1. Consider E62 carefully, then state whether it is free of Cβ contacts under 8 Å to residues at least 40 places away in the same chain, in contact with a Lys or Arg (Cβ under 8 Å, 6 or more places away or on another chain), farther than 21 Å from G137 by Cα and not in a loop (DSSP other than H, G, I, E, B).
2. Could you tell me which residue of the range 85-111 is surrounded by the most Cβ atoms within 10 Å (Cβ to Cβ), considering only residues that are within 17 Å of the chain's Cα centre (by Cα) and either assigned to a loop (DSSP other than H, G, I, E, B) or small (G, A, S) (or both)?
3. Can you pull out the residues in the range 112-128 that are outside any loop (DSSP other than H, G, I, E, B), surrounded by 14 or more Cβ atoms within 10 Å (Cβ to Cβ) and at pLDDT below 75?
4. Might you let me know whether the range 1-13 holds any residue that is farther than 22 Å from N167 by Cβ, at pLDDT 95 or above, surrounded by fewer than 22 Cβ atoms within 10 Å (Cβ to Cβ) and outside the structural domain of D164 (by TED's automatic domain parsing)?
5. Identify all residues within the range 41-59 that are under 11 Å from G5 (Cα atoms), of a type outside the set (V, I, T) and not in a loop (DSSP other than H, G, I, E, B); write none if there are none.
6. Need pairs with beta-carbon distance below 7 Å; first residue under 17 Å from E155 (Cβ atoms) and within the range 193-213, second at pLDDT 95 or above and among the basic types (K, R); sequence gap 6+ or separate chains.
7. Within the range 172-188, can one find any residue that is surrounded by 15 or more Cβ atoms within 10 Å (Cβ to Cβ) and farther than 28 Å from R101 by Cα?
8. What are the pairs, 6+ residues apart or on separate chains, where a residue within the range 10-36 that is farther than 10 Å from H51 by Cβ and of a type in the set (A, V, I, L, M, F, W, C) has its Cβ under 7 Å from a residue that is at pLDDT 95 or above and assigned to a helix (DSSP H, G or I)?
Amino acid sequence: MTRPGPHPRERSLPLVILVRDTLGYARTAKEAMRIIRDSKVKVDCLIRRDHRFPVGLMDVVEVDGIKQVFRLLPKPRRGLSLSPVKQEEAGYKLCKITGKRTVAGRKIQVNLHDGRNLLLTGKEQAGKTGQEYRVGGALQIALPSQKILGYVPFEEGDIGLVTDGRNEGLYGKITSISEGTHSRPRIARIETVQESFETPAQYIIPVGTNTPLVALEP
């Protein structure tokens with residue numbers, strides 16, 4: 001079981017499980033815990049020594065002495081799974097904006113799905129094209145500096161990845177978004193290479209405009 005942390009328990013995996021079972025770098029939990037305690041494991045470019053640390057959606061995992069870097073992504077019928085990451089992708093992650101508010105000093109605070117809270121001032125409050133950051137969109141942030149590298153809005157025509165529900169792990173172009181009501185959630189339709197389906201908007205993280213910013217399984 002994970003400790004309380006940046007990701008909900010039901011949407012994360014303990015670091016010890018990833019090291020022992022998923023990556024196979026240890027035969028027992030004791031061996032995996034030793035690797036973690038020896039500061040050999042990083043999550044989002046930061047050393048984590050707690051074997052119960054919760055690793056969740058879009059987190060980047062690397063182990064000292066191993067060249068391959070991994071990202072935790074949803075897979076169809078498998079749930080959250082580690083995927084190999086190219087070196088050019090290892091230095092950033094996508095974070096869905098889950099909340100936004102104005103705080104003292106006319107600064108904007110955005111809350112992200114991985115527990116981060118970024119305080120934005122002046123020009124930081126909008127994307128490079130002047131596009132306003134909105135709840136439901138995703139920020140591309142550098143690791144570990146948290147510098148904003150880009151923004152993907154949650155809009156028709158962009159690419160969305162389903163992170164929960166029966167279509168978890170599927171991704172494709174967002175073709176329509178219907179407004180929700182008090183009794184019905186906001187619904188988006190996604191078109192993949194093979195099919196088209198509807199899913200609650202809260203289950204989608206936008207991952208790119210023309211092509212995904214993170215490597216996804218075809």
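1. yes
2. It comes out as A90.
3. Filtering the range 112-128 down to residues outside any loop (DSSP other than H, G, I, E, B) leaves 112, 117-120, 122-126.
Next, only the ones that are surrounded by 14 or more Cβ atoms within 10 Å (Cβ to Cβ) stay: 112, 118, 120, 124-126.
E124, Q125, A126, listed by residue number.
4. Of the range 1-13, the ones farther than 22 Å from N167 by Cβ are 1-6, 9.
Remaining after also requiring at pLDDT 95 or above: none.
No, that holds for no residue.
5. P54, G56 - these are the residues of the range 41-59 that are under 11 Å from G5 (Cα atoms), of a type outside the set (V, I, T) and not in a loop (DSSP other than H, G, I, E, B).
6. E198/R189; I205/K96
7. yes
8. A26/V19; A26/R20; A26/A32; A26/I35
The values are calculated or read from the model by the stated rules, or taken from the named source; none is laboratory data. What you see is a predicted model, and the numbers here were worked out from it, not measured in a lab. No Cβ is skipped: glycine too gets one built from the backbone with ideal geometry, and neighbour counts run over all protein chains shown.
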